[in-house]
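Following: one structure in structure tokens, then a few remarks.
Since every read-out is calculated from the coordinates, none of them should be taken as a lab result. The structure displayed is predicted, hence computed values, not measured ones. Reconstructed Cβ throughout: ideal geometry from the backbone, glycine too, with neighbour counts over all protein chains shown.
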Amino acid sequence: MPDLPLLPAGLVGSYAQPEWLIDRRRLGERLPPRVRARELWRIAPDHLEEAWHDATLLALHDQLRAGVDFVTDGEMRRESYSNRFATSLSGVDLDHPGEAIDRTGKPVPVPRITGPVVRTRSIETDYVALLKQHTDKPVKVTLPGPFTMTQQAQNDYYADEAALAEAYAAAVNEEVLALFAAGADIVQLDEPYVQARPNAAREYAVAAIDRALQGAAGTTVLHVCFGYGKHVDNKPEGYAFLDELDACIADELSLECAQPRLDMSRLGGVPSKRLYVGVLDLRDTTVETPELVAQRIRAALEHTSVERLIVAPDCGLKYLSRDVAYAKLVNMVAGRDLVRHELGMG
């Protein structure tokens, strides 16, 4: 792990995109797109790369002002956490999408696999250098995991889902290795569908995750959640697929805990991992007080050690307004500082 203080704090991945960049109303009205949704951008295509660059620096600035210990690019270039990477691979028919059932039970357009899934170019590595130019804090980059991308695709080519997941894993692995070579300190795979599809996950998820992280030269994280709070209200108090992840090679697990009021005793089921514990409820636009954040951290510390705990939001801050996202981030760090002071850590 990078040289971080005890109880480090930072984003899971995404931050609130500015209103001038993306149509946030239309973004929030739909489930996260699995295929490209270029109509959401407010900026003309010729100027979009420059706009993404500027928005990324704004997201970085907010993180630094809030006092986090590691930073992300805020996923400013993404319409959703998964579609940018998934639609950048070969073997995907972008002109004729397929259909799959979303974890909310609704049919949605998804990438249709018609040939070998292969990574043909770098997808996220260029923004590592951008962040490194503006901060010396550790940089984290997020990628969609192979199991989740398999569940978000229509497979018209591979013999079965496990074979498609293996192909996705190989493509993700190439990007993981390239990210660390470019200077990333932490790489995270987002795998929410292991919770949504636990039976399939037991068949091949861990093998696909391990293949995707094979040979990683830095800290690796696996993020698991119940879906964005914007779109999912009633969430269970426990994960259907969690203890099994203790066997995967990821160094850390990132868990949604605040909105579902997760039974913290479940943390004991993954004893070999460091744990991102979600302390911000992202469906509730009320900003948590530092004391509430501290209470949630204390609850987690009843079931895990301070050395293993990382403080984070439940999931990405993508669907919050920027002012609410920033205020939540500030109070998350302040609440963490309360606990650090109680523990005699300054």
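Using a 10 angstrom cutoff on alpha carbons, build the Gaussian network for the chain and name the most mobile of Gly218, Gly183, Gly269.
In the Gaussian network model the winner is Gly269.
Of the residues Trp41, Trp20, Trp52, which exhibits the maximal mean-square fluctuation in a Gaussian network model of the chain defined by a 10 Å Cα contact cut-off?
The residue that fluctuates most here is Trp20.
Expressed as a rounded percentage, what relative contact order does the chain have, with Cα pairs under 8 Å and six or more residues apart?
Details: 704 pairs, mean separation 64.9, N = 346.
Computed value for the chain: 19 percent relative contact order.
Let me know the shape class of the stretch 60-163, please: from the alpha-carbon gyration tensor, a ≥ b ≥ c as square roots of the eigenvalues, rounded when a/c is under 1.5, otherwise prolate if a/b is greater than b/c, or oblate. Working shown, then result.
Working: a/c = 2.90, a/b = 2.07, b/c = 1.40.
Note, shape of the stretch 60-163 comes out prolate.
Take the alpha-carbon centre of the stretch 22-43, take the same for the stretch 135-196, and report the distance between them in whole Å.
22
Quick check: from the Cα gyration tensor, does the stretch 160-310 come out rounded (a/c under 1.5), prolate or oblate? Could the numbers behind the result be given before it?
Details: a/c = 1.81, a/b = 1.49, b/c = 1.21.
It is prolate, given that a/c is not under 1.5 and a/b is the larger ratio.
Quote the relative contact order of the stretch 1-112 in percent (integer), defining contacts as alpha-carbon pairs under 8 Å separated by 6+ residues.
Values: 136 pairs, mean separation 36.0, N = 112.
Rounded, it is 32 percent for the stretch 1-112.
Determine the distance separating the Cα centre of the stretch 102-125 from the Cα centre of the stretch 234-299; give it in Å without decimals.
The two parts, judged by their Cα centres, are 28 Å apart.
Residue by residue through the stretch 207-221, which ³J(HN,Hα) values in whole Hz follow from phi under the Karplus form 6.51 cos²θ - 1.76 cosθ + 1.60 (θ = phi - 60°), with glycine and proline marked x?
Karplus-based 3J(HN,Hα) across the stretch 207-221 equals 4, 5, 4, 4, 5, 5, 9, 4, x, 4, 9, x, 6, 10, 10 Hz.
Sort Asp95, Asp246 by Cβ crowding within 10 Å, fewest neighbours at the top. Intermediate values should be presented prior to the final figure.
Working: Asp95 6, Asp246 14.
Arranged by neighbour count, lowest to highest, Asp95, Asp246 become Asp95, Asp246.
Set the bar at 23 Å for Cα to Cα. Now go through Lys106/Lys235; Lys273/Lys318; Lys106/Lys328 and name every pair that lies beyond it. Could the numbers behind the result be given before it?
Values: Lys106/Lys235 17 Å; Lys273/Lys318 26 Å; Lys106/Lys328 31 Å.
Lys273/Lys318; Lys106/Lys328, as the Cα separations exceed 23 Å there.
Which value, in debye to the nearest 20, gives the size of the charge dipole of the chain about its Cα centre, when Lys and Arg are +1 and Asp and Glu are -1 at the Cβ?
On the way: 38 positive and 51 negative charges, 98 e Å.
About 480 debye.
Using the reciprocal of the averaged 1/r over all distinct C-alpha pairs, how large is the Kirkwood radius of the chain in Å?
20.0
Which GluC sites (Glu not before Pro) in the stretch 253-322 sit in a loop by DSSP (not H, G, I, E or B) and have at most 12 other Cβ atoms within 10 Å of their own Cβ? Present the calculation step by step, with values, prior to reporting the outcome.
Numbers: sites: Glu256, Glu288, Glu291, Glu302, Glu307; in loops: Glu256, Glu288, Glu302.
Taking the stretch 253-322 and a limit of 12 other Cβ atoms within 10 Å, the loop GluC sites (Glu not before Pro) found are Glu302.
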